[in-house]
Amino acid sequence: MADHQLPDPSALADPPGLSRTNDRPVYVIGGGPGGLSAAAALRKRGVRAVVLEKSDAVGASWRAHYDRLHLHTTRRLSALPGLAMPRQFGRWASRDDVVRYLEKYAEFHELEIVTGVEVSRIEPTGPDWLLYATGGRQLTGRAVVVATGYNHTPRLPDWPGLDTFRGDLRHARDYRNPAPYQDKDVLVVGVGNTGAEIAVDLAEGGAARVRLAVRTPPHIVRRSTAGWPAQRTGILARRLPVRLVDRAAEVMRRLSVPDLTAHGLPRPDTGLYSRVREGAIPVQDAGLIDAVRKGRVEPVAALESFDDGKAVLADGTLLSPDAIIAATGYRRALEPLVGHLGVLDEQGRPLAHGDRTHPKAPGLYFTGFTNPISGMFREMALDARRIAKAVNGAAAGL
Ligand SMILES: Cc1cc2nc3c(=O)[nH]c(=O)nc-3n(C[C@H](O)[C@H](O)[C@H](O)COP(=O)(O)OP(=O)(O)OC[C@H]3O[C@@H](n4cnc5c(N)ncnc54)[C@H](O)[C@@H]3O)c2cc1C
């Protein structure tokens with residue numbers, strides 16, 4: 001990717017080979033997989049798209065993830081439009097390979113990317129959109145694709161008494177590897193995919209003791225069973241009735257996942273897909289089952305508060321860990337950008353997503369704001385094509 005200066009949109013010539021469909025480009029906010037794939041799909045349709053990325057490179061979120069992270073969706077089912085992931089990545093691409101792929105993707109599709117530009121607010125202006133960006137700049141686009149990420153801003157619960165805790169407390173976003181936790185007693189809070197994997201990483205990486213605070217026991221699935229990836233089941237499940245998928249998942253679980261109740265991790269009392277519909281995707285086993293069975297990761301009750309520096313769990317247990325890692329999720333943080341437009345629900349998620357736009361905001365698209373079990377890379381790839389088609393159709397008056 002070239003080093004980009006913020007272009008004056010009116011002064012930029014269309015890249016070679018593109019038809020001049022409109023003077024004003026489509027602005028894509030965010031240079032992660034969602035934004036890059038939308039830009040590539042737009043370009044393929046001859047629509048000029050400019051990606052605005054606040055950090056200094058594409059794939060900023062992936063660069064910041066912890067060292068041992070691999071995609072839990074397959075290489076093939078995670079490829080973005082127009083460029084396969086290389087076979088050398090293996091079935092489950094590593095974090096570094098994902099970053100390499102995103103860099104290559106931008107280069108391969110000759111995407112126009114401007115780094116170091118944060119968009120703070122967008123407003124309609126006639127049929128166009130006005131973007132307020134870093135340095136007091138204002139840019140006008142014919143349409144906007146918001147791809148700023150589902151995992152935008154770390155969410156840290158406001159635990160009562162937190163200020164009394166004297167140990168090291170950080171959000172999972174700031175966790176890289178177990179090195180700083182050698183011989184430490186660590187409490188990981190939250191048993192989503194991230195919390196589960198960090199707990200295993202700590203246990204394998206030399207922490208003295210690792211406890212995992214669990215509010216709601218998760219569904220745990222094998223990443224792949226007899227060569228069949230869990231993601232494929234997730235794709236099929238989206239077309240089937242919830243109760244049917246819940247029952248099938250229960251059979252699968254009995255066959256492939258041991259009962260960890262005696263180790264402090266009881267079986268969930270709602271079906272897997274019912275839980276997904278409530279927003280909780282299952283935990284893919286990246287070593288948790290084994291670590292819990294061996295007692296290297298100890299599930300404990302949810303963290304409720306702090307009392308005189310001690311962590312107070314939901315069952316009344318008091319703990320004094322050296323460090324706490326909060327794998328407590330993220331906020332979309334879309335309010336400053338678009339909250340004034342009436343396009344968000346009460347949880348701050350876009351009311352219209354993918355190729356659908358809100359009636360109050362034609363030309364304003366969102367991608368990457370769902371968390372499907374079929375895989376976000378896959379869904380963003382599908383949405384990219386749909387958004388490009390919709391933008392093109394709108395330009396043609398369709
Ligand atoms: C630990 C983890 C593992 C995951 N593993 C998988 C997996 O295996 N398979 C899968 O399909 N999905 C996975 N996901 C989910 C999802 O695919 C990724 O989070 C993916 O990076 C989302 O892409 P995105 O482009 O929507 O957002 P991001 O990758 O977060 O990109 C958003 C970009 O927007 C930029 N930005 C934000 N705000 C602004 C602004 N106002 N102005 C300009 N730029 C801005 C950011 O700097 C960032 O570069 C995982 C997520 C996490 C957290």
> Can you find even one residue in region 84-96 that is part of a strand (DSSP E or B), free of Cβ contacts under 8 Å to residues at least 40 places away in the same chain and either buried (at least 24 other Cβ atoms within 10 Å of the Cβ) or more than 7 Å from the ligand (Cβ to nearest atom) (or both)?
Replying inline: yes
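Yes/no per residue for (1) within 21 Å of Pro81 (Cβ to Cβ); (2) surrounded by 15 or more Cβ atoms within 10 Å (Cβ to Cβ); (3) at pLDDT 95 or above:
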site	(1), (2), (3)
Gly339	no, no, yes
Gly342	no, no, yes
His358	no, yes, yes
Phe366	yes, yes, yes
Arg378	yes, yes, yes
Asp383	yes, yes, yes
Ala388	yes, yes, yes
Asn392	yes, yes, no
Ala396	yes, no, no
> Could you list, in sequence order, the residues of region 23-80 that are outside any loop (DSSP other than H, G, I, E, B), within 7 Å of the ligand (Cβ to nearest atom) and more than 12 Å from Phe377 (Cα to Cα)?
Replying inline: Ile29, Leu52, Glu53, Ala60, Ser61, Trp62
> Do the conditions hold for Thr357, that is, is it closer than 25 Å to Ile220 by Cβ, in a loop (DSSP other than H, G, I, E, B) and in contact with a Phe, Trp or Tyr (Cβ under 9 Å, 6 or more places away or on another chain)?
Replying inline: no
> Does region 258-267 contain at least one residue that is assigned to a helix (DSSP H, G or I), surrounded by fewer than 16 Cβ atoms within 10 Å (Cβ to Cβ) and at pLDDT 90 or above?
Replying inline: yes
>> Which count do you get for residues in region 167-219 that are within 16 Å of the ligand (Cβ to nearest atom), part of a strand (DSSP E or B) and not β-branched (Val, Ile, Thr)?
In response: 2
>> Could you go through region 223-230 and let me know if any residue there is part of a helix (DSSP H, G or I), surrounded by 15 or more Cβ atoms within 10 Å (Cβ to Cβ) and modelled with pLDDT under 95.
In response: yes
>> Being without any contact (Cβ under 8 Å) to a residue 24 or more places away in the chain and over 20 Å from Arg209 (Cβ atoms) narrows it down to one residue among Asp259, Asp285, Asp308, Asp315; which is it?
In response: Asp259
> Restricting attention to region 306-351, which residues are within 16 Å of the ligand (Cβ to nearest atom) and assigned to a loop (DSSP other than H, G, I, E, B)?
Replying inline: Ala327, Thr328, Gly329, Arg332, Ala333, Leu334, Val343, Gly348, Arg349
>> Can you pull out every residue in region 257-315 that is among the β-branched types (Val, Ile, Thr) and within 23 Å of Asn371 (Cα to Cα)?
In response: Thr270, Val276, Ile281, Val283
>> Residues to consider are Gly141, Gly126, Gly136, Gly149; find the one that is open to solvent by less than 30 Å² (accessible area, probe 1.4 Å), on the phi > 0 side of the Ramachandran plot and not hydroxyl-bearing (Ser, Thr, Tyr).
In response: Gly149
>> Going by what's in this entry, would Val214 be described as of a type in the set (Val, Ile, Thr), touching a strand residue (DSSP E or B) at 6+ places or on another chain (Cβ under 8 Å) and within 17 Å of Ala302 (Cβ to Cβ)?
In response: yes
> Of the residues Phe377, Phe369, which is on the phi < 0 side of the Ramachandran plot, near the ligand (Cβ under 10 Å from one of its atoms) and not in a loop (DSSP other than H, G, I, E, B)?
Replying inline: Phe377
> What tally of residues in region 380-398 results from selecting those that are on the phi > 0 side of the Ramachandran plot and either touching a strand residue (DSSP E or B) at 6+ places or on another chain (Cβ under 8 Å) or among the β-branched types (Val, Ile, Thr) (or both)?
Replying inline: 0
> Is it fair to say Tyr105 is in a helix (DSSP H, G or I), within 15 Å of the ligand (Cβ to nearest atom) and open to solvent by less than 50 Å² (accessible area, probe 1.4 Å)?
Replying inline: yes
>> Restricting to region 202-234, count the residues that are more than 27 Å from Thr74 (Cβ to Cβ) and polar (S, T, N, Q).
In response: 1
>> Pairs please, first residue from region 129-156 and under 24 Å from Ser61 (Cα atoms), second anywhere and of a type in the set (Phe, Trp, Tyr) and outside any strand (DSSP E or B), Cβ atoms under 7 Å, 6+ apart in sequence or on different chains.
In response: Tyr150/Phe369
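The values are calculated or read from the model by the stated rules, or taken from the named source; none is laboratory data. Not measured: the values here are computed from a predicted model. Cβ coordinates were reconstructed from backbone atoms using ideal geometry, including for glycine residues, and neighbour counts include every protein chain displayed. These accessible areas exclude ligands, DNA and RNA; they are computed on the full protein's heavy atoms, side chains included. Shrake-Rupley method; radii C 1.70, N 1.55, O 1.52, S 1.80 Å.
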